[in-house]
1. For each of MET123, MET279, count neighbouring Cβ atoms within 10 Å of the residue's Cβ, then give the residues from fewest to most.
2. Ordered by residue, what ³J(HN,Hα) values in Hz, to whole numbers, does the range 95-107 give under the Karplus form 6.51 cos²θ - 1.76 cosθ + 1.60, where θ = phi - 60° and Gly and Pro are x?
3. Would you kindly derive the ³J(HN,Hα) couplings of the range 169-176 from the backbone phi angles with the Karplus curve 6.51 cos²θ - 1.76 cosθ + 1.60 (θ = phi - 60°), listing them in order in whole Hz, with x for Gly and Pro?
4. Just to confirm my numbers, what's the Cα centroid distance between the range 199-238 and the range 264-312 in Å?
5. Given H placed 1.01 Å from N in the peptide plane, which residues other than close sequence neighbours of TYR109 have an amide H under 5 Å from its amide H?
6. Arranged by the count of other C-beta atoms within 10 angstrom, fewest first, what order do ILE153, ILE30 take?
7. Please state the shape class of the range 178-289: rounded when a/c is under 1.5, otherwise prolate if a/b exceeds b/c and oblate if not, all from the C-alpha gyration tensor.
8. Output wanted: per-residue J couplings in Hz (rounded whole) for the range 238-246, from phi through Karplus 6.51 cos²θ - 1.76 cosθ + 1.60, θ = phi - 60°, x for Gly and Pro.
Amino acid sequence: MISTALEFITAVLGPLGPVIVAAGLGLFLILLSLPVILKKGEDPFAKLGNSGTASAAFKKKDEATPGKGRMNLRYDRSKFNLTKFEAYLTPQNEEELSAARLKMLQAGYRSRGAVGNYNFLRMILGISFLGLGLLYTLIMSSQLTPLQVSLYIILPGAAGYYLPTYWIERRRQTRQRELEDGFPDALDLMLVCVEAGQSLDQSIVRVAVEIKHSNKYLSDEFQVVANELRAGKERVSVLRDLGERCGVPDISSFVTVLVQSASFGTSISDALRVYAFEMRDKRIMRAEEKANKLPTKMTLGTMLFTVPPLLIILVGPSVYDIYVNLGGGGQ
């Protein structure tokens with residue numbers, strides 16, 4: 001019976017029919033076992049809201065105010081919450097978890113479940129693209145070689161798995177470039193605020209408000225710094241977190257300058273003036289570097305799109321005349 005089934009599968013799906021069936025069965029079993037693996041016990045805080053005196057008090061209040069929803073001890077942000085699957089979607093190694101959180105922060109995702117959502121998206125896209133590749137090979141199995149079948153199954157799954165990584169990396173690079181370009185202007189504005197008599201904390205708040213429309217990323221970072229300072233966190237720790245969170249060398253150097261200025265008791269306005277001047281020069285040098293690279297980058301495009309049409313215009317008539325003359329002489 002087994003040999004008959006294998007012969008039937010091979011006749012229908014081709015030489016790799018048993019492999020395709022085994023892969024499809026494995027994928028089905030994975031999808032079937034995911035709810036059981038990811039299942040977690042009831043949250044004890046949820047039990048607290050459903051029992052005891054608090055529950056009775058909440059029920060009485062709900063009955064008295066039928067227009068309002070039931071009061072919960074824990075705020076439920078959405079019906080679909082990945083917090084209970086956090087143990088399966090986040091790295092258990094502290095070093096890997098810190099690196100993943102830092103990467104998400106540098107990309108602009110500050111929510112608590114950003115790492116879990118990222119890993120969940122990688123898993124879902126990988127399985128979905130793998131299923132699509134498997135479905136395509138099942139439909140076109142009679143026209144594909146074994147190598148093509150393997151590529152059409154593996155490559156979509158790998159592409160779906162690494163697509164979120166590519167998106168995060170591109171977003172992180174774009175954000176860091178925006179921070180680097182807008183930082184000299186923010187420094188100039190901060191220097192004006194400090195020289196006008198405001199403290200460093202007040203100048204950071206003012207800069208965050210003023211540059212909100214011109215550079216949103218930098219405004220958000222300064223707003224986070226202002227909120228942490230209001231909450232009572234140490235300035236040195238807040239500034240170091242800023243440099244680590246941004247991942248831009250210029251901002252890290254700026255943090256070092258402020259920390260050293262506070263440690264040695266030197267004037268913050270003098271340090272800001274010198275550093276702002278250096279940042280303006282550095283931005284000008286970056287612009288000049290890009291301008292100097294432009295002719296080299298345009299050389300390939302010039303050779304591809306200018307030289308061939310020029311050769312056709314100049315040499316084409318002569319080649320045509322030679323071809324006609326040789327053809328006429330042969331006749």
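1. Working: MET123 16, MET279 20.
With the sparsest Cβ surroundings first, the list reads MET123, MET279.
2. 5, 5, 5, 5, 5, 5, 5, 5, 5, 5, 5, 5, 8
3. With the stated coefficients, the range 169-176 comes to 5, 5, 5, 5, 5, 5, 5, 5 Hz.
4. 29
5. none
6. Working: ILE153 24, ILE30 12.
Arranged by neighbour count, lowest to highest, ILE153, ILE30 become ILE30, ILE153.
7. Working: a/c = 1.41, a/b = 1.22, b/c = 1.16.
Rounded, because the longest to shortest axis ratio a/c is under 1.5.
8. In residue order, the calculated couplings are 5, 5, 5, 4, 4, x, 6, 5, 7 Hz.
Coordinate-derived values only; no laboratory data. As the structure is a prediction and not an experimental result, all values here were calculated from the model. In this analysis, Cβ positions are derived from the backbone assuming ideal geometry, glycine residues included, and neighbour counts consider all displayed protein chains.
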